[in-house]
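Asker: Sharing a structure with you now.
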Amino acid sequence: MARPLTKHTGNGDRYARPTNIEAVIDAALTLDWPALHKRALVRDRRSADYLPPECLVHLIRKAHRDHHETIRDQLLAILLGRCEATLAATLPDGRAPNAAYLRDEALGRLGELFAEDGTGDNADELDYFEVRFNAAFAALRTDLVRQEVRALRRSSPLPDDEAIARRPDTVLHSPATQENSLFLNQLSQAIHTLPPAERDALILCHIMGYAEDSDDPAKCTAATICGVTGRTIRNRLTRAAAKLSRFKEDL
Amino acid sequence: MTSTPPRSPTPLRNVLYEFALAKPVPDAALVDEFVRHYPEYASELTEYAIELALDAIAARNEPVDKPSAVTAPSVSRAMSRFHNRLHAVRKGTDAETANAAPAVENPFAKLTRDAIRALAQGLHANTVFVMKLRDRHISLETMTEGFLRRIADELEVRLENIVAYFAAPAYIQSSAHFKAETKPEAGEKQTFEEAVRSCGLTPEQQNSLLNL
């Protein structure tokens, strides 16, 4: 049985792995090393033999605690290889001038987290990665690159199509389909070409669901977050949507 | 009059993890909840939420991982950082000191030409294969544990030392000559099987190594 996590949420609740992850870990713990190694190398998520990254994190930590250095290092290299593929998709060259450095830094920092596991003030930081690896890795990566990305949000301008501008919200909250994946792929690239102010307005209003502005001065809106008037937010949304209409024409 | 000590603030990174795990795609309600809870990080959380939302778009679009036959140099560098940091944690020193120090000892460094030949013989391989091992051109994660134990025995070093050595990035001999003005960067590593197959070993030698 997998060792329980010790990290707590801000509300004091202890984090728990999803049930399916617990089941995969329990099954993996019964395998001998050659069989486990073989399964760890499977990278097709559709395969029945695929071990999710949450499971690999658990196995690496266990191998580390049990002083099985070879197993630990081989599994860690496999996990880092998967993360490298994720980084190539989420932070490709061109998204930021120093994207290669940022990818390296994220991978290296993840490696260091395993070295620090069980020590220091944040001894159970890797617990997050056993709950939802991709989200935790996104947090780590985004935290690392936040400052750089802010500085690099100096992009080119684009025009008006409310339907396109609002579609990200619809797609993100609906089941994955081939059509949606294609749309998201192109949309993601298009959004990254928007100037930061327009991009933020688009994300705040159409993905996160903030109101553009409000008569209630106490209400948090896209306008209050960005420190501008509601009219400015609407102008930014209009410009962003217009630019994204070019993207629609390319679909 | 006694003053109550200020509450120890939750580190920003932990707040970001918690935020990231709360919902697949952050929304206004989640941001508001976290900002109320951690007002000191209000701007970071909002900014981060935007990044996560963008990230969610990219992540939903991630292709299915394709199997990779080689170890990327960035993975080797990350493994190196892992070992350096581990060394620092165990020694109780900080990461900077560890990064500057050679944490991983080269078990091949003291081998003479004859010793290399003897090692090749002991492994039932040849010197080309040993050179690939020495220069870390073979990815650690594709080596079998049996092979790692065998080479640790042959070199008379601890298993963890040999593992740490192979986990580091590929090595380019400093004495090598290059046509380019700058020293080239080490490239991707071969898999264990690729290395075995491409060193001019006999089928018997190949089988012997692959079955360790």
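Values quoted throughout were computed directly from the atomic coordinates according to the rules given, and no laboratory measurement underlies them. These figures come from a predicted structure and were not determined experimentally. Cβ placement follows ideal geometry from the backbone for every residue including glycine, while neighbour counts extend to all protein chains displayed.
Asker: For B:ARG13, A:ARG61, what ranking results if the residue with the fewest other Cβ atoms within 10 Å of its Cβ goes first?
Answerer: Working: B:ARG13 15, A:ARG61 22.
The order, fewest Cβ neighbours first, is B:ARG13, A:ARG61.
Asker: Hey, fewest Cβ within 10 Å first, where do A:CYS55, A:CYS226 land in order?
Answerer: A:CYS226, A:CYS55
Asker: Compute the normalised compactness of the stretch B:12-55: alpha-carbon radius of gyration over 2.2 N^0.38 Å, N being the residue count.
Answerer: Its radius of gyration relative to the 2.2 N^0.38 Å reference: 0.97.
Asker: So how strong a dipole does the stretch B:12-55 carry about its Cα centre when Lys and Arg Cβ are +1 and Asp and Glu Cβ are -1, to the nearest 20 debye?
Answerer: 100
Asker: So if I place +1 on the C-beta of Lys and Arg and -1 on the C-beta of Asp and Glu, and nothing else carries charge, what would the dipole magnitude of the stretch A:1-145 be about its Cα centre? I want it in debye, nearest 20. Mind showing how you got there, number by number?
Answerer: On the way: 19 positive and 23 negative charges, 95 e Å.
The calculated dipole for the stretch A:1-145 is roughly 460 debye.
Asker: Arrange A:TYR50, A:TYR210, B:TYR38 by Cβ neighbour counts within 10 Å, fewest through most, would you?
Answerer: A:TYR50, B:TYR38, A:TYR210
Asker: A further question follows. For the stretch B:34-46, just list the computed ³J(HN,Hα) in residue order, Karplus coefficients 6.51, -1.76 and 1.60, θ = phi - 60°, integers in Hz, with x standing in for Gly and Pro.
Answerer: Going residue by residue, I get 5, 5, 5, 6, 10, x, 5, 10, 3, 5, 4, 5, 5 Hz, with x marking Gly and Pro.
Asker: Another question, if that's okay. Just to be sure I understand the model, the point goes 7 Å from the Cα along the line to the Cβ. What's the resulting B:VAL157 to B:ALA109 distance in nm?
Answerer: Distance between label points: 0.9 nm.
Asker: Here's a follow-up. For the stretch A:212-220, in order, what is each residue's ³J(HN,Hα) by Karplus, 6.51 cos²θ - 1.76 cosθ + 1.60 with θ = phi - 60°, in whole Hz (x at glycine and Pro)?
Answerer: Each residue's phi maps through the Karplus curve to give 4, 7, 8, 6, 7, x, 8, 7, 7 Hz.
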